[in-house]
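The values are calculated or read from the model by the stated rules, or taken from the named source; none is laboratory data. Since the model is a prediction, treat every value here as computed from it, not as a measurement. Cβ sites come from the backbone with ideal geometry, for glycine too, and all protein chains shown count toward neighbours. Each accessible area value is taken on the protein alone, full model and side chains, heavy atoms only, with ligands, DNA and RNA left out. Shrake-Rupley method; radii C 1.70, N 1.55, O 1.52, S 1.80 Å.
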Amino acid sequence: MESFLMKALQLIVALLILVTIHEFGHYIFARIFGIKVNRFYLFFNPGFSILKYRPDEGTLQVIGWTDKDGKDKAWKTFKVGKKYPPRKDGKQSWRDTLYGLGWLPLGGYCAIAGMVDETTSQKDLESEPQPWEFRSKAVHKRFMVMVGGVLFNFSLAIIIYTGIAIHWGDRVVPFNAMTEGMDFGQEMQDAGFRNGDRLLSLDGKPLDAKDYSVAWDIIQPGATVGVLRDNRDTVNIVISEKLLTSIVAKGNDYQSMKIRTPVVIANLQNGEGAIAAGLQKSDRIIKVGNDTTPTSTEFMPVLAANKSKSLPFVIVRDGKEQTVDVAINDAGKIGIIMLHSYEIFDVEEVHYSLLSAIPRGWEIGTDRLTSYVSSLKVMFTKEGANNIGGFGTLGSLFPETWNWLEFWQITAFLSVILAFMNIIPIPGLDGGYILFLLIELVTRRKPSDKVLEYANMIGMAFIFMLLIYANGNDIYRLFIK
């Protein structure tokens with residue numbers, strides 16, 4: 001339960017950041033072009049709002065709603081500073097907007113005057129267009145208002161990746177330093193990989209462990225992956241379409257490959273078999289009974305299969321092999337903590353200045369966008385459709401404990417996803433409005449408000465059904481599958 005709440009908290013914080021930036025992108029361009037913004041909301045507010053701030057009245061409402069007569073009501077109303085009445089020259093400003101925080105964390109909205117959207121219908125626009133309305137502005141200005149959210153989300157991702165580069169830099173184990181190679185899932189093994197293979201190249205180019213999308217790139221259909229097998233033979237594996245779909249079918253939590261890590265003792269626990277047998281820090285265990293255990297992949301199953309037994313362990317200490325008898329407890333443990341791969345293999349660390357971090361942030365952001373776009377084709381397969389997820393899937397991306405590096409990495413990736421998803425030309429999304437604006441730009445004819453309203457209704461219905469399907473998949477996987 002605690003881990004669930006931590007994941008949920010991280011998701012809500014990430015959504016709060018992403019929605020704020022996205023809607024601010026629309027807001028700032030509307031303000032630049034003198035367009036009035038009626039409401040600026042973080043999260044949706046069906047029925048009531050958690051907070052409502054009115055600059056023109058200088059008030060903050062806590063738990064506010066609108067009654068049947070259209071009057072504002074609130075549980076508590078506070079005076080917060082002075083009033084900011086509309087400008088005397090009639091120009092629109094920040095003070096003409098109602099700012100609110102909704103209670104439903106599914107998104108947010110920026111209600112722009114004179115625009116047909118989920119908050120405004122064609123009937124609301126029957127009056128004469130006003131100069132401060134969206135519909136009165138030139139097509140290129142309306143285009144910039146609509147594309148603003150996408151631009152701000154992608155820019156946010158670049159900024160976060162740049163910040164990660166400055167603060168944390170890159171710290172990876174290069175592929176050529178992974179002396180024990182990699183462990184591969186069954187799907188990867190069916191495709192031709194073998195446990196212990198050392199990754200070398202992709203389509204003839206050396207692989208770089210600092211590449212955020214390397215795990216995705218090497219399973220793309222038609223890719224040729226070069227590996228070093230048994231530390232002597234170079235083998236080229238051509239990836240089939242089946243590998244990609246089979247891995248996608250495993251879901252977001254599935255790890256298709258990982259570093260093979262030798263069993264090297266980092267610490268020992270009192271009262272357990274290892275310390276009683278005289279094992280020491282830095283000892284490497286290479287054999288248990290009759291089973292060779294070069295890495296933890298082989299070591300852990302052997303222990304689990306020999307609970308409550310005492311077996312001879314072959315260890316390497318100071319470069320020499322020796323054998324000791326070690327008691328395995330009834331939980332399949334001997335009381336050791338193993339060194340992490342980062343503590344065993346050579347680690348490549350790269351530190352970035354501000355000037356060098358900016359291109360690194362751009363490189364990671366564009367790379368993540370390219371990888372995500374290429375992954376969408378899988379969504380049109382049966383396996384991909386079955387693994388479309390909603391908020392539960394998004395929450396599962398976050399770690400069980402708060403980790404700032406992982407939080408910002410995931411938030412940046414979600415910002416990339418939000419930017420791309422909103423540019424897709426589906427009515428109701430930014431991309432749908434952009435498509436109509438491009439049509440207007442080419443044909444010199446503006447679609448009627450009635451056409452825009454119907455298109456928006458159809459698009460919103462499709463998005464709503466997609467949300468139901470995606471979150472239904474989450475519920476099915478959690479409670480049934």
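Restricting to the stretch 422-453, and then to whatever is of a type in the set (A, V, I, L, M) and open to solvent by less than 70 Å² (accessible area, probe 1.4 Å), can you tell me which residue is farthest from the chain's Cα centre (by Cα)? Even if it seems obvious, please write down each step before you answer.
First, pick out the residues of the stretch 422-453 that are of a type in the set (A, V, I, L, M): 423-424, 426, 429, 434-435, 437-439, 441-442, 451-452.
Those left that are additionally open to solvent by less than 70 Å² (accessible area, probe 1.4 Å): 423-424, 426, 429, 434, 437, 452.
Values: Ile423: 17, Ile424: 18, Ile426: 22, Leu429: 20, Ile434: 25, Leu437: 30, Leu452: 32 Å.
Out of the qualifying residues, it is Leu452.
When the residues of the stretch 70-108 are filtered to those that are under 24 Å from Gly390 (Cβ atoms) and modelled with pLDDT of 90 or more, which remaining residue is surrounded by the fewest Cβ atoms within 10 Å (Cβ to Cβ)? Show your work before the answer.
Step one: list which residues in the stretch 70-108 are under 24 Å from Gly390 (Cβ atoms), which gives 101-108.
Next, from what is left, pick out any that are modelled with pLDDT of 90 or more: 101-103.
Numbers: Leu101: 16, Gly102: 22, Trp103: 14.
If we take residues in the stretch 70-108 being under 24 Å from Gly390 (Cβ atoms) and modelled with pLDDT of 90 or more, then Trp103 is surrounded by the fewest Cβ atoms within 10 Å (Cβ to Cβ).
Hey, among the residues in the stretch 454-469 that are in contact with a strand residue (DSSP E or B) (Cβ under 8 Å, 6 or more places away or on another chain) and among the β-branched types (Val, Ile, Thr), which one's surrounded by the fewest Cβ atoms within 10 Å (Cβ to Cβ)?
My answer is Ile458.
Return the total of residues in the stretch 262-315 being over 13 Å from Lys333 (Cα atoms), open to solvent by less than 40 Å² (accessible area, probe 1.4 Å) and part of a loop (DSSP other than H, G, I, E, B).
Going through the stretch 262-315 one residue at a time, the tally reaches 9.
Let me confirm something: among Asp253, Asp208, which residue is out of contact with any strand residue (DSSP E or B) (no Cβ under 7 Å at 6 or more places or on another chain) and modelled with pLDDT of 90 or more?
Values: Asp253 fails: modelled with pLDDT of 90 or more.
The match here is Asp208.
Here is a list: Leu207, Leu200. Which entry is open to solvent by 40 Å² or more (accessible area, probe 1.4 Å), touching a residue at least 12 places away in the same chain (Cβ under 8 Å), of a type in the set (A, V, I, L, M) and within 25 Å of Thr366 (Cα to Cα)? Give the derivation first.
Working: Leu207 fails: open to solvent by 40 Å² or more (accessible area, probe 1.4 Å).
After ruling out the rest, the residue left standing is Leu200.
Please count how many residues of the stretch 221-248 are open to solvent by less than 30 Å² (accessible area, probe 1.4 Å) and either out of contact with any helix residue (DSSP H, G or I) (no Cβ under 8 Å at 6 or more places or on another chain) or assigned to a loop (DSSP other than H, G, I, E, B) (or both).
Number of matching residues: 6.
Give me the residue from the stretch 16-36 that is assigned to a helix (DSSP H, G or I) and open to solvent by less than 30 Å² (accessible area, probe 1.4 Å) and, out of that set, nearest to Lys137 (Cα to Cα).
Initially, the stretch 16-36 is screened for residues assigned to a helix (DSSP H, G or I), giving 16-32.
Still in the running and open to solvent by less than 30 Å² (accessible area, probe 1.4 Å): 18-19, 22-23, 25-27, 30.
Numbers: Leu18: 27, Val19: 25, His22: 21, Glu23: 19, Gly25: 17, His26: 15, Tyr27: 15, Ala30: 10 Å.
That would be Ala30.
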